[in-house]
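The values are calculated or read from the model by the stated rules, or taken from the named source; none is laboratory data. Please read these numbers as outputs of a predicted model, since none were measured by experiment. We place every Cβ from the backbone using ideal geometry, glycine too, and count neighbours over all the protein chains shown. Remember, those area values only see protein heavy atoms, side chains included, never the ligands or the DNA or RNA. Shrake-Rupley method; radii C 1.70, N 1.55, O 1.52, S 1.80 Å.
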Amino acid sequence: MLRIHFTGNDLAGVRTAARPDVLWETILSFHRLRDRRGSVVYREWRTAARTRLGGETRLLAALVPSRGYFPDFLTPSEGVHGLDEGLQAIRATESGRLRGELSLLAADRSGARTVPHSLRALADGGAEPFDRLVGALRSYHRAAIEPYWPHIRARVEADRARRGRALLDGGADELLASLPPMLRWRAPVLEADYPVDRDVHLDGRGLLLQPSYFCRGTPVVLRDPALPPVLVYPVTHGEAPTVREPGGSSLAKLVGQTRSTVLHAIGDGGTTSELARRAGVSLASASQHAGVLREAGLIATLRHGNAVLHTLTPLGAALLGGAQRTTVDLRCYARNGPVTS
(Lines give C-alpha, C1' and ligand atoms only; values in the text may rest on other atoms or scores of the structure.)
Protein backbone atom coordinates (compact mmCIF):
# COMPACT_ATOMS: atom_id res chain seq x y z
CA MET A 1 0.00 0.00 0.00
CA LEU A 2 1.21 3.49 -0.89
CA ARG A 3 0.11 6.33 1.39
CA ILE A 4 0.88 9.96 0.54
CA HIS A 5 0.29 12.27 3.52
CA PHE A 6 -0.81 15.86 2.89
CA THR A 7 -0.80 18.97 5.05
CA GLY A 8 -2.77 22.10 4.25
CA ASN A 9 0.30 23.58 2.57
CA ASP A 10 0.68 20.43 0.48
CA LEU A 11 -2.87 20.73 -0.83
CA ALA A 12 -2.12 24.29 -1.87
CA GLY A 13 1.00 23.02 -3.66
CA VAL A 14 -0.61 20.25 -5.73
CA ARG A 15 -0.03 20.84 -9.45
CA THR A 16 -0.23 18.90 -12.70
CA ALA A 17 2.77 18.68 -15.01
CA ALA A 18 2.55 21.00 -17.99
CA ARG A 19 3.41 18.26 -20.49
CA PRO A 20 4.49 14.60 -20.70
CA ASP A 21 7.90 13.78 -19.27
CA VAL A 22 10.02 12.20 -21.97
CA LEU A 23 12.21 10.21 -19.57
CA TRP A 24 9.34 8.81 -17.50
CA GLU A 25 7.70 7.70 -20.77
CA THR A 26 10.97 6.21 -22.01
CA ILE A 27 11.71 4.23 -18.85
CA LEU A 28 8.13 3.07 -18.22
CA SER A 29 7.71 2.05 -21.85
CA PHE A 30 10.72 -0.24 -21.38
CA HIS A 31 8.65 -2.05 -18.72
CA ARG A 32 5.75 -2.36 -21.17
CA LEU A 33 8.09 -3.67 -23.87
CA ARG A 34 8.89 -6.76 -21.81
CA ASP A 35 5.63 -7.60 -20.08
CA ARG A 36 2.44 -9.09 -21.47
CA ARG A 37 0.03 -6.85 -19.60
CA GLY A 38 -1.97 -4.23 -21.45
CA SER A 39 -1.78 -6.35 -24.61
CA VAL A 40 -4.68 -4.58 -26.35
CA VAL A 41 -3.31 -1.08 -25.82
CA TYR A 42 0.37 -1.80 -26.37
CA ARG A 43 0.42 -4.80 -28.72
CA GLU A 44 1.02 -2.97 -32.03
CA TRP A 45 3.44 -0.55 -30.40
CA ARG A 46 5.39 -3.41 -28.79
CA THR A 47 5.77 -5.28 -32.08
CA ALA A 48 6.92 -2.21 -34.00
CA ALA A 49 9.30 -1.05 -31.26
CA ARG A 50 10.97 -4.45 -31.00
CA THR A 51 11.51 -4.48 -34.76
CA ARG A 52 13.16 -1.05 -34.70
CA LEU A 53 15.33 -1.87 -31.68
CA GLY A 54 16.82 -5.04 -33.10
CA GLY A 55 17.23 -6.43 -29.56
CA GLU A 56 19.95 -3.99 -28.45
CA THR A 57 18.73 -3.19 -24.94
CA ARG A 58 21.28 -4.91 -22.67
CA LEU A 59 22.44 -1.81 -20.80
CA LEU A 60 18.89 -0.62 -20.20
CA ALA A 61 17.84 -4.09 -19.06
CA ALA A 62 20.63 -4.03 -16.46
CA LEU A 63 19.38 -0.69 -15.10
CA VAL A 64 15.63 -1.19 -15.44
CA PRO A 65 14.37 -4.59 -14.27
CA SER A 66 11.05 -5.85 -15.57
CA ARG A 67 9.54 -5.16 -12.14
CA GLY A 68 10.53 -3.35 -8.98
CA TYR A 69 12.96 -0.56 -8.26
CA PHE A 70 14.88 1.34 -10.92
CA PRO A 71 17.25 4.22 -10.04
CA ASP A 72 15.72 7.65 -9.49
CA PHE A 73 18.51 9.35 -11.44
CA LEU A 74 17.01 7.95 -14.67
CA THR A 75 13.97 10.23 -14.36
CA PRO A 76 15.18 13.72 -13.39
CA SER A 77 12.63 16.51 -13.35
CA GLU A 78 14.29 18.08 -16.40
CA GLY A 79 12.74 15.35 -18.55
CA VAL A 80 9.55 17.38 -18.76
CA HIS A 81 11.47 19.95 -20.84
CA GLY A 82 12.63 17.47 -23.49
CA LEU A 83 15.05 14.64 -24.18
CA ASP A 84 18.24 16.71 -24.46
CA GLU A 85 17.60 18.50 -21.15
CA GLY A 86 16.76 15.23 -19.43
CA LEU A 87 19.86 13.44 -20.71
CA GLN A 88 22.06 16.36 -19.64
CA ALA A 89 20.61 16.04 -16.12
CA ILE A 90 21.34 12.30 -16.08
CA ARG A 91 24.90 12.96 -17.16
CA ALA A 92 25.27 15.48 -14.31
CA THR A 93 24.26 12.94 -11.61
CA GLU A 94 26.53 13.29 -8.58
CA SER A 95 28.82 10.27 -8.13
CA GLY A 96 27.80 9.51 -4.53
CA ARG A 97 24.12 9.45 -5.47
CA LEU A 98 24.89 7.30 -8.50
CA ARG A 99 26.71 4.66 -6.44
CA GLY A 100 24.02 4.69 -3.77
CA GLU A 101 21.16 4.14 -6.19
CA LEU A 102 23.00 1.42 -8.10
CA SER A 103 23.66 -0.31 -4.77
CA LEU A 104 19.92 -0.15 -3.99
CA LEU A 105 19.24 -1.69 -7.39
CA ALA A 106 21.65 -4.53 -6.64
CA ALA A 107 20.07 -5.09 -3.21
CA ASP A 108 16.56 -5.24 -4.67
CA ARG A 109 17.67 -7.75 -7.27
CA SER A 110 19.87 -10.10 -5.29
CA GLY A 111 19.89 -8.95 -1.68
CA ALA A 112 23.53 -7.86 -2.06
CA ARG A 113 24.72 -4.27 -1.89
CA THR A 114 27.49 -4.87 -4.42
CA VAL A 115 26.99 -3.23 -7.80
CA PRO A 116 26.92 -5.91 -10.53
CA HIS A 117 29.85 -6.12 -12.89
CA SER A 118 27.79 -4.89 -15.86
CA LEU A 119 27.17 -1.57 -14.06
CA ARG A 120 30.45 -1.17 -12.19
CA ALA A 121 32.02 1.15 -14.77
CA LEU A 122 28.96 3.41 -14.57
CA ALA A 123 29.11 3.43 -10.75
CA ASP A 124 32.79 4.41 -10.87
CA GLY A 125 31.92 7.51 -12.89
CA GLY A 126 33.75 8.79 -15.94
CA ALA A 127 32.62 10.09 -19.29
CA GLU A 128 32.65 6.89 -21.31
CA PRO A 129 30.07 4.90 -19.27
CA PHE A 130 27.73 7.88 -19.26
CA ASP A 131 28.20 8.26 -23.02
CA ARG A 132 27.09 4.65 -23.46
CA LEU A 133 24.07 5.15 -21.19
CA VAL A 134 23.00 8.38 -22.87
CA GLY A 135 23.47 6.75 -26.28
CA ALA A 136 21.37 3.75 -25.25
CA LEU A 137 18.57 5.96 -23.93
CA ARG A 138 18.63 8.14 -27.04
CA SER A 139 18.55 5.14 -29.39
CA TYR A 140 15.73 3.50 -27.45
CA HIS A 141 13.74 6.75 -27.42
CA ARG A 142 14.20 7.16 -31.17
CA ALA A 143 12.84 3.66 -31.81
CA ALA A 144 10.11 3.32 -29.18
CA ILE A 145 8.90 6.81 -28.24
CA GLU A 146 9.62 9.39 -30.92
CA PRO A 147 7.32 7.96 -33.66
CA TYR A 148 4.38 7.94 -31.23
CA TRP A 149 5.07 11.19 -29.40
CA PRO A 150 2.14 13.18 -30.86
CA HIS A 151 -0.28 10.49 -29.68
CA ILE A 152 1.37 10.24 -26.24
CA ARG A 153 1.34 14.01 -25.85
CA ALA A 154 -2.32 14.23 -26.89
CA ARG A 155 -3.39 11.66 -24.28
CA VAL A 156 -1.38 13.36 -21.53
CA GLU A 157 -2.69 16.81 -22.44
CA ALA A 158 -6.27 15.49 -22.44
CA ASP A 159 -5.73 14.09 -18.95
CA ARG A 160 -4.21 17.37 -17.82
CA ALA A 161 -7.26 19.26 -19.09
CA ARG A 162 -9.51 16.86 -17.16
CA ARG A 163 -7.58 17.44 -13.92
CA GLY A 164 -7.63 21.20 -14.51
CA ARG A 165 -11.39 21.15 -14.84
CA ALA A 166 -11.69 19.18 -11.58
CA LEU A 167 -9.45 21.73 -9.84
CA LEU A 168 -11.62 24.60 -11.08
CA ASP A 169 -14.82 22.82 -10.04
CA GLY A 170 -13.80 21.81 -6.53
CA GLY A 171 -10.23 22.75 -5.68
CA ALA A 172 -7.46 20.36 -4.67
CA ASP A 173 -9.90 17.94 -3.01
CA GLU A 174 -11.81 17.47 -6.25
CA LEU A 175 -8.56 17.22 -8.23
CA LEU A 176 -7.24 14.39 -6.05
CA ALA A 177 -10.62 12.65 -6.02
CA SER A 178 -10.68 12.77 -9.84
CA LEU A 179 -7.52 10.68 -10.26
CA PRO A 180 -7.83 7.16 -11.78
CA PRO A 181 -9.56 4.49 -9.66
CA MET A 182 -6.35 2.87 -8.40
CA LEU A 183 -5.77 6.11 -6.44
CA ARG A 184 -8.12 6.78 -3.51
CA TRP A 185 -8.35 10.19 -1.87
CA ARG A 186 -9.21 9.82 1.83
CA ALA A 187 -8.26 13.23 3.16
CA PRO A 188 -5.60 13.91 4.22
CA VAL A 189 -4.10 10.75 2.68
CA LEU A 190 -3.93 9.62 -0.94
CA GLU A 191 -3.80 5.81 -1.08
CA ALA A 192 -2.99 3.31 -3.80
CA ASP A 193 -2.24 -0.38 -4.10
CA TYR A 194 1.53 -0.72 -4.37
CA PRO A 195 4.09 -3.54 -4.57
CA VAL A 196 5.59 -2.53 -1.18
CA ASP A 197 4.28 -0.78 1.93
CA ARG A 198 5.31 2.86 1.61
CA ASP A 199 4.49 6.14 3.37
CA VAL A 200 5.39 9.43 1.67
CA HIS A 201 5.24 12.55 3.83
CA LEU A 202 5.14 15.68 1.68
CA ASP A 203 6.02 17.98 4.61
CA GLY A 204 4.79 21.15 2.90
CA ARG A 205 6.56 20.54 -0.43
CA GLY A 206 3.37 19.92 -2.40
CA LEU A 207 3.04 17.23 -5.06
CA LEU A 208 3.60 17.16 -8.81
CA LEU A 209 1.05 14.99 -10.62
CA GLN A 210 2.61 13.51 -13.76
CA PRO A 211 0.19 11.70 -16.09
CA SER A 212 1.92 9.03 -18.17
CA TYR A 213 0.94 7.02 -21.24
CA PHE A 214 3.15 4.05 -20.40
CA CYS A 215 2.44 3.89 -16.67
CA ARG A 216 0.09 0.98 -16.07
CA GLY A 217 -1.73 -0.62 -13.16
CA THR A 218 -0.10 1.17 -10.25
CA PRO A 219 1.29 4.70 -9.85
CA VAL A 220 5.01 5.32 -9.39
CA VAL A 221 6.86 7.51 -6.89
CA LEU A 222 10.55 8.22 -6.41
CA ARG A 223 12.37 6.10 -3.84
CA ASP A 224 14.48 8.91 -2.36
CA PRO A 225 12.30 10.91 0.09
CA ALA A 226 14.63 13.91 -0.23
CA LEU A 227 13.79 14.43 -3.91
CA PRO A 228 10.91 16.72 -4.93
CA PRO A 229 7.73 14.61 -4.62
CA VAL A 230 6.18 13.41 -7.87
CA LEU A 231 3.35 10.95 -8.48
CA VAL A 232 3.30 9.31 -11.91
CA TYR A 233 -0.08 7.77 -12.77
CA PRO A 234 -1.70 6.20 -15.84
CA VAL A 235 -3.76 8.21 -18.29
CA THR A 236 -7.06 6.82 -19.53
CA HIS A 237 -6.35 4.86 -22.68
CA GLY A 238 -8.37 4.98 -25.85
CA GLU A 239 -6.90 3.65 -29.07
CA ALA A 240 -3.43 2.12 -29.26
CA PRO A 241 -0.53 4.46 -30.06
CA THR A 242 -0.01 4.64 -33.82
CA VAL A 243 1.26 7.13 -36.35
CA ARG A 244 -2.17 7.42 -37.95
CA GLU A 245 -3.94 10.75 -37.99
CA PRO A 246 -6.79 10.83 -35.43
CA GLY A 247 -10.39 11.52 -36.35
CA GLY A 248 -13.36 9.36 -37.23
CA SER A 249 -13.91 8.78 -40.95
CA SER A 250 -17.66 9.53 -40.81
CA LEU A 251 -17.06 12.87 -39.09
CA ALA A 252 -14.22 13.66 -41.50
CA LYS A 253 -16.59 13.23 -44.44
CA LEU A 254 -18.94 15.75 -42.84
CA VAL A 255 -16.55 18.51 -41.79
CA GLY A 256 -13.27 17.58 -43.50
CA GLN A 257 -10.32 15.53 -42.24
CA THR A 258 -8.29 18.37 -40.69
CA ARG A 259 -11.29 20.00 -39.03
CA SER A 260 -12.37 16.61 -37.67
CA THR A 261 -8.88 16.10 -36.28
CA VAL A 262 -8.94 19.52 -34.59
CA LEU A 263 -12.37 18.82 -33.08
CA HIS A 264 -11.15 15.49 -31.68
CA ALA A 265 -8.00 17.20 -30.39
CA ILE A 266 -9.98 19.57 -28.20
CA GLY A 267 -11.02 16.71 -25.90
CA ASP A 268 -11.57 18.17 -22.43
CA GLY A 269 -10.21 21.53 -23.52
CA GLY A 270 -7.04 23.07 -24.85
CA THR A 271 -5.35 26.24 -26.02
CA THR A 272 -4.75 26.94 -29.70
CA SER A 273 -1.11 25.90 -29.30
CA GLU A 274 -2.16 22.61 -27.69
CA LEU A 275 -4.66 21.95 -30.50
CA ALA A 276 -1.92 22.56 -33.08
CA ARG A 277 0.41 20.08 -31.34
CA ARG A 278 -2.27 17.43 -30.81
CA ALA A 279 -3.58 17.67 -34.37
CA GLY A 280 -0.16 18.02 -36.01
CA VAL A 281 -1.02 21.26 -37.81
CA SER A 282 0.42 24.77 -37.77
CA LEU A 283 -0.68 27.31 -35.18
CA ALA A 284 -2.33 29.42 -37.89
CA SER A 285 -4.23 26.41 -39.23
CA ALA A 286 -5.44 25.40 -35.76
CA SER A 287 -6.62 28.95 -35.11
CA GLN A 288 -8.47 29.10 -38.45
CA HIS A 289 -10.23 25.76 -37.96
CA ALA A 290 -11.11 26.61 -34.35
CA GLY A 291 -12.74 29.81 -35.63
CA VAL A 292 -14.90 27.87 -38.10
CA LEU A 293 -15.88 25.33 -35.42
CA ARG A 294 -16.74 28.16 -33.03
CA GLU A 295 -18.94 29.90 -35.62
CA ALA A 296 -20.73 26.58 -36.18
CA GLY A 297 -21.48 26.37 -32.46
CA LEU A 298 -19.35 23.25 -31.92
CA ILE A 299 -16.79 24.81 -29.56
CA ALA A 300 -16.65 27.72 -27.12
CA THR A 301 -13.60 29.94 -26.66
CA LEU A 302 -12.53 31.82 -23.55
CA ARG A 303 -9.63 34.29 -23.60
CA HIS A 304 -7.20 34.21 -20.66
CA GLY A 305 -4.32 36.69 -20.92
CA ASN A 306 -2.50 36.04 -24.17
CA ALA A 307 -3.98 32.55 -24.57
CA VAL A 308 -7.43 31.24 -25.44
CA LEU A 309 -9.01 28.05 -24.14
CA HIS A 310 -11.27 26.05 -26.44
CA THR A 311 -13.85 23.60 -25.08
CA LEU A 312 -16.57 21.52 -26.72
CA THR A 313 -20.14 22.80 -26.60
CA PRO A 314 -22.93 20.25 -25.99
CA LEU A 315 -23.53 20.24 -29.76
CA GLY A 316 -19.84 19.56 -30.46
CA ALA A 317 -19.74 16.77 -27.88
CA ALA A 318 -22.91 15.25 -29.34
CA LEU A 319 -21.41 15.37 -32.84
CA LEU A 320 -18.25 13.60 -31.67
CA GLY A 321 -20.27 11.05 -29.73
CA GLY A 322 -22.48 10.37 -32.74
CA ALA A 323 -19.42 9.82 -34.95
CA GLN A 324 -17.95 7.38 -32.43
CA ARG A 325 -21.23 5.47 -32.12
CA THR A 326 -21.49 5.28 -35.91
CA THR A 327 -18.00 3.80 -36.09
CA VAL A 328 -18.83 1.20 -33.43
CA ASP A 329 -22.14 0.32 -35.13
CA LEU A 330 -20.43 -0.12 -38.47
CA ARG A 331 -17.83 -2.42 -36.93
CA CYS A 332 -20.58 -4.47 -35.28
CA TYR A 333 -22.41 -4.65 -38.64
CA ALA A 334 -19.26 -5.82 -40.39
CA ARG A 335 -18.77 -8.64 -37.86
CA ASN A 336 -22.34 -9.64 -37.09
CA GLY A 337 -24.65 -8.24 -39.77
CA PRO A 338 -27.36 -5.63 -39.11
CA VAL A 339 -27.80 -4.47 -35.52
CA THR A 340 -31.35 -5.03 -34.28
CA SER A 341 -33.04 -3.94 -31.08
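What to note about this one:
- Cβ crowding within 10 Å averaged over residues, with 296-302, 260-266 ranked highest first: 260-266, 296-302
- Taken per residue, the accessible surface of segment 157-213 reaches 48 Å², heavy atoms only and a 1.4 Å probe.
- Applying 1/(1 + (r/R0)^6) with r as the Cβ-Cβ distance of residue 315 and residue 44 and R0 = 35 angstrom yields a FRET efficiency of 0.55.
- For segment 1-53: accessible area per residue (Å², 1.4 Å): 43
- Shown for segment 124-242: the carbon plus sulfur share of the solvent-accessible area, taken with all protein chains present and a 1.4 angstrom probe, equals 52%.
- Label point of residue 95 set 7 angstrom out along Cα-Cβ; within segment 120-157, amide nitrogens under 16 Å from it belong to 120-131.
- The protection proxy used here, the mean number of other Cβ atoms lying within 10 Å of each residue, ranks peptides 73-81, 206-214 as follows, highest first: 206-214, 73-81.
- A crude spin-label estimate for the pair residue 134 and residue 193, with each label 7 Å from Cα along the Cβ direction, gives 4.1 nm.
- Ordering of 161-168, 220-227 by packing is 161-168, 220-227, highest average first (other Cβ atoms within 10 Å, averaged per residue).
- With a Förster radius of 30 Å applied to the C-beta separation of residue 218 and residue 127, the computed FRET efficiency comes to 0.25.
- FRET efficiency, 1/(1 + (r/R0)^6) with R0 30 Å, evaluated for residue 227 and residue 53 via beta carbons: 0.50
- Extension gain from residue 169 to residue 292, taking 0.36 nm per residue of separation minus the Cα-Cα distance: 41.4 nm
- With every protein chain in place, segment 1-99: carbon and sulfur % of accessible area (1.4 Å): 50
- Cα shape, segment 1-101, gyration tensor, a/c 1.5 rule: prolate
- One quarter of the surface of the convex hull around the alpha-carbon atoms of segment 148-233 equals 6.2 nm², the direction-averaged projected area.
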